[in-house]
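**Q** One structure is given below, represented as structure tokens, and several questions about it will come after.
The values are calculated or read from the model by the stated rules, or taken from the named source; none is laboratory data. Computed from a predicted model, the values in this text were never measured in an experiment. Every residue, glycine among them, receives a Cβ derived from its backbone with ideal geometry; neighbour counts consider all protein chains shown.
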Amino acid sequence: MTLRLLGTGAADGWPAAFCTCASCVAERLAGRVRAQSAALLDGTVLLDCPPSVPLSAERLGISLADVSLVLHTHQHSDHFSPATLMYRSWSTDRPLLVAGPPDLVEAAASWLPPDTSVEFRAVRPGDEFTHGSHRVRVLAAAHRTGLGSGEPEAVLYDIAGTSRTLYATDTGPLPEQTVVATTGAEYDLVVLEESFGDKRDHGTQHLDLTTFPEQVRRLRAVGAITDRTRVVATHLSHHNPPGPELARRLAAWGVELHPDGAELLAAEQPAPERGPLRTLVLGGARSGKSREAERMLADAEEVTYVATSYPPGDDPEWRERIAKHVAQRPDRWRTVESLDLVALLQAPGGPLLIDCLTLWLTRIMDRHDAWDDSAWRDRARDAVAAEVADLVAAWRRTERRVVAVSNELGQGVVPEAAGTRRFRDEMGRLNAALAAVTEDVRLVVAGRTVGL
């Protein structure tokens with residue numbers, strides 16, 4: 001099976017024609033233009049038919065002449081253009097099957113005369129039918145149009161031929177019945193909407209960069225997404241960061257970003273590339289380093305969050321800091337308060353997120369009284385060095401996926417006290433030693449991430 005992306009944008013496209021936000025301007029300057037979302041499967045099955053499809057296909061050099069099946073997801077105007085069916089009838093009377101929710105089929109039929117060669121089929125979640133070499137299964141979407149009569153107003157499609165594709169737009173967090181229905185599907189290709197990027201207060205039945213990885217995790221947990229599945233984001237709006245940054249963020253979850261016109265081979269495709277095993281995220285205070293680390297593992301089923309901070313005690317400001325960190329983590333993550341990072345790195349298990357190495361080093365220096373000059377000279381220097389060496393060795397040998405956060409210090413005023421200067425130096429040495437045995441090192445500055 002071959003799938004061509006005729007459009008990967010949301011309703012207003014990306015960039016939005018009337019918009020001058022930073023995301024739109026960046027995409028416009030780069031010449032990246034995304035039309036309303038649609039796709040063409042094997043040259044014969046059209047997945048959604050927004051108004052932009054005919055001209056998008058022509059500009060991309062793609063013929064729609066052999067389309068014999070149109071699978072509509074819902075009646076919103078950026079997915080459904082009944083006028084296009086009428087325009088088609090002016091050029092050809094070749095047989096065509098148009099499928100979609102009942103309200104959409106009723107609206108579409110009114111645009112064509114009774115003697116048309118177009119057949120209409122109302123579908124509901126749970127329906128299955130065969131068209132040519134494709135078996136189509138209809139799944140429920142979490143998306144209402146407000147245009148129907150109470151029946152399902154939006155659906156998703158599972159299409160099988162020589163391989164198997166899930167086309168999932170538009171939808172909010174997937175209904176449980178849909179996740180259950182995809183159990184063991186082992187899709188070759190999943191095309192999943194990601195409309196709102198970093199905007200979380202949209203209040204719509206769409207996905208964003210917080211809810212999107214959660215759907216990837218859910219589908220992976222039931223065997224719908226496997227190590228062989230290619231996952232592609234579509235229905236993108238200017239609430240996303242510019243293309244290169246969005247691609248970097250999606251890649252952490254094994255998700256691909258493609259331009260309009262891209263051809264995706266869903267059969268005999270290579271397995272997606274595996275990501276890094278070790279990631280070190282550096283940054284200053286409030287730079288966004290913890291959020292960067294957390295969203296890298298947002299699609300993981302089981303994450304152990306290793307907190308190295310001091311217990312909050314009676315400090316209300318410290319309690320508030322910890323509460324905010326806890327609130328932004330998924331409920332399913334397990335929190336472990338420990339300084340024994342070596343044991344955790346050596347133990348088998350799922351991903352680790354260590355936040356942070358700066359507090360770990362602080363407490364290690366406390367343990368050995370390393371702030372005191374005489375203690376440092378007599379015994380603490382060697383003790384701290386031994387603990388750091390053990391950590392670096394365990395980090396280098398670990399077989400677990402691990403992301404660690406650390407502060408990048410020493411770029412400002414030289415501390416007045418000898419003990420504080422000592423801590424600054426040791427922190428720099430620890431960061432450098434870990435980075436030397438890490439395949440993925442990132443620096444976060446003002447919320448922007450740079451690969452080192």
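**Q** So which residues in region 384-437 are assigned to a helix (DSSP H, G or I) and either among the β-branched types (Val, Ile, Thr) or in contact with a strand residue (DSSP E or B) (Cβ under 6 Å, 6 or more places away or on another chain) (or both)?
**A** Of everything in region 384-437, those that are assigned to a helix (DSSP H, G or I) and either among the β-branched types (Val, Ile, Thr) or in contact with a strand residue (DSSP E or B) (Cβ under 6 Å, 6 or more places away or on another chain) (or both) turn out to be VAL384, VAL388, VAL392, THR420, ASN431, LEU434, ALA435.
**Q** Of all residues in region 409-452, which are of a type in the set (D, E, K, R), surrounded by fewer than 18 Cβ atoms within 10 Å (Cβ to Cβ) and either within 16 Å of GLY284 (Cα to Cα) or at pLDDT 95 or above (or both)?
**A** Once the filter is applied, which keeps residues that are of a type in the set (D, E, K, R), surrounded by fewer than 18 Cβ atoms within 10 Å (Cβ to Cβ) and either within 16 Å of GLY284 (Cα to Cα) or at pLDDT 95 or above (or both), region 409-452 yields ARG424, ASP425, ARG429, GLU439, ASP440, ARG448.
**Q** Limited to region 305-333, what total is found for residues that are within 28 Å of GLU256 (Cβ to Cβ) and surrounded by 15 or more Cβ atoms within 10 Å (Cβ to Cβ)?
**A** 4
**Q** Residues to consider are ARG274, ARG319; find the one that is at pLDDT below 95 and outside any loop (DSSP other than H, G, I, E, B).
**A** Checking each option against the conditions leaves just ARG319.
**Q** What about SER63, is it out of contact with any Leu (no Cβ under 7 Å at 6 or more places or on another chain), surrounded by fewer than 22 Cβ atoms within 10 Å (Cβ to Cβ) and either within 26 Å of LEU166 (Cβ to Cβ) or small (Gly, Ala, Ser) (or both)?
**A** Answer is yes for this residue.
**Q** Still on this structure, please answer the following. Restricting to strands (runs of 3 or more DSSP E) lying wholly in region 106-222: which have 2 or more residues that are more than 23 Å from the chain's Cα centre (by Cα) and of a type in the set (Val, Ile, Thr)?
**A** In region 106-222, the matching strands (runs of 3 or more DSSP E) lie at 134-140.
**Q** Also, I was wondering about something else. Tell me yes or no: at least one residue of region 254-261 is outside any loop (DSSP other than H, G, I, E, B) and either without any contact (Cβ under 8 Å) to a residue 24 or more places away in the chain or under 30 Å from ASN407 (Cβ atoms) (or both).
**A** Yes, the conditions are met somewhere in region 254-261.
**Q** Considering region 66-90 alone, what residues qualify as being under 24 Å from THR2 (Cβ atoms) and surrounded by fewer than 16 Cβ atoms within 10 Å (Cβ to Cβ)?
**A** Correct list: ASP66, SER68.
**Q** Then there's this: Whether any residue in region 323-331 is within 27 Å of GLU294 (Cβ to Cβ), part of a loop (DSSP other than H, G, I, E, B), touching a Leu at 6+ places or on another chain (Cβ under 8 Å) and assigned by TED's automatic domain parsing to the domain that holds SER290 is what I want to check.
**A** no
**Q** Do you know which residues across region 289-316 are assigned to a helix (DSSP H, G or I) and either among the polar types (S, T, N, Q) or not assigned by TED's automatic domain parsing to the domain that holds ALA343 (or both)?
**A** The answer is SER290, and nothing else.
**Q** Same structure, new question: Which numbered condition trips up LEU236, out of (1) without any contact (Cβ under 8 Å) to a residue 60 or more places away in the chain; (2) crowded, with 21+ Cβ neighbours inside 10 Å; (3) out of contact with any helix residue (DSSP H, G or I) (no Cβ under 6 Å at 6 or more places or on another chain)?
**A** Tallying (1) without any contact (Cβ under 8 Å) to a residue 60 or more places away in the chain; (2) crowded, with 21+ Cβ neighbours inside 10 Å; (3) out of contact with any helix residue (DSSP H, G or I) (no Cβ under 6 Å at 6 or more places or on another chain), LEU236 fails exactly one: (1).
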